[in-house]
Amino acid sequence: MPLLVEPDLDADSLARDHDLARALDVVLNARLAAPAAQTPDAEAVALRTFLVGNGGFRQASILRAVWGRLTAASSPPFVACGPAAQQAVADRYGLPVRLSPDPEAALAEAQGGARAVIDIETPRPWWGRLLARPDLRVIGALPDDTLGLPRALVVSLEASGPTGDDRTFWITDSAMPDAKLVEAMAAIGLVAYPLIAAGGLKLMVLAGYVQANDGRLSAAPGALKGVIGAAPVY
């Protein structure tokens, strides 16, 4: 049986790791000493400013994760419902997040002040309930980069405005095929693409920040329809 060989340690790498740990500790303490959490749109604008000029997608992903971990300490608590939501919150915020057994319980947590992160794909279209609960709004969608579709929505009582690069979530009960629905939305000046359909409802993504009272939406297809919130994209 061969003898165990003690690994060689690179003193320079260790020194750099210790420097990084000290720097992060300083930043974290400064963040914790800062005023209470800002509005979600202010957080997004601050993060986007932080990312400007900081390399490509890989580096931006690392910086978003670091930022998420720093801001989570002073943000409302998160609760996750579903495997995609759990993974998304862990990736983005690094939290040992509380779990919720079902979307309705998660929405109740949001009603109590938490940020509920809920899988989009569930047996029933929980997101349709937001049409009747205008106090609860979508303020985020994870993953929040431009390379893929969101798999979980962040729902909160918080108000959030435009950040300069957003996507809006809109629901309709229109029976139109997706392609025709996209064409109909384009005809009224809105760029849309389908995200998911369930329970006779369709969840669409609209490009940009579209307000719930945008006049163009009155001509959109469907009888039961409406905006349920918007989320920044990085």
Residue 71 vs (1) modelled with pLDDT under 85; (2) assigned to a loop (DSSP other than H, G, I, E, B): all pass except (2)
Quick check on residue 110: is it touching a residue at least 40 places away in the same chain (Cβ under 8 Å), assigned to a strand (DSSP E or B) and of a type in the set (A, V, I, L, M, F, W, C)? no
Hey, does segment 161-174 have a residue that's in a helix (DSSP H, G or I), closer than 27 Å to residue 145 by Cβ, touching a residue at least 24 places away in the same chain (Cβ under 8 Å) and under 25 Å from the mean Cα position of the chain (by Cα)? no
Condition first: part of a helix (DSSP H, G or I) and either without any contact (Cβ under 8 Å) to a residue 12 or more places away in the chain or over 21 Å from residue 47 (Cα atoms) (or both). Now tell me which residues in segment 88-107 satisfy that. 90, 103, 104, 105, 106, 107
Just for segment 180-234: of the residues that are more than 24 Å from the chain's Cα centre (by Cα) and in a loop (DSSP other than H, G, I, E, B), which one is nearest to residue 60 (Cα to Cα)? 189
Hey, among 205, 182, 210, which residue is surrounded by fewer than 18 Cβ atoms within 10 Å (Cβ to Cβ), of a type in the set (A, V, I, L, M) and at pLDDT 95 or above? 182
In segment 127-156, how many are buried (at least 17 other Cβ atoms within 10 Å of the Cβ) and part of a loop (DSSP other than H, G, I, E, B)? 5
List, please: which pairs have Cβ atoms under 6 Å, are six or more places apart or on different chains, and start with a residue in segment 179-205 that is in contact (Cβ under 8 Å) with a residue 60 or more places away in the chain and end with one that is of a type in the set (Gly, Ala, Ser)? 201/128
Would segment 111-123 turn up any residue that is more than 23 Å from residue 195 (Cα to Cα), among the aliphatic types (A, V, I, L, M) and in contact with a strand residue (DSSP E or B) (Cβ under 6 Å, 6 or more places away or on another chain)? yes
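The values are calculated or read from the model by the stated rules, or taken from the named source; none is laboratory data. As the structure is a prediction and not an experimental result, all values here were calculated from the model. Methodologically, a virtual Cβ is constructed for each residue, glycine included, from the backbone with ideal geometry; neighbour enumeration extends over all protein chains shown.
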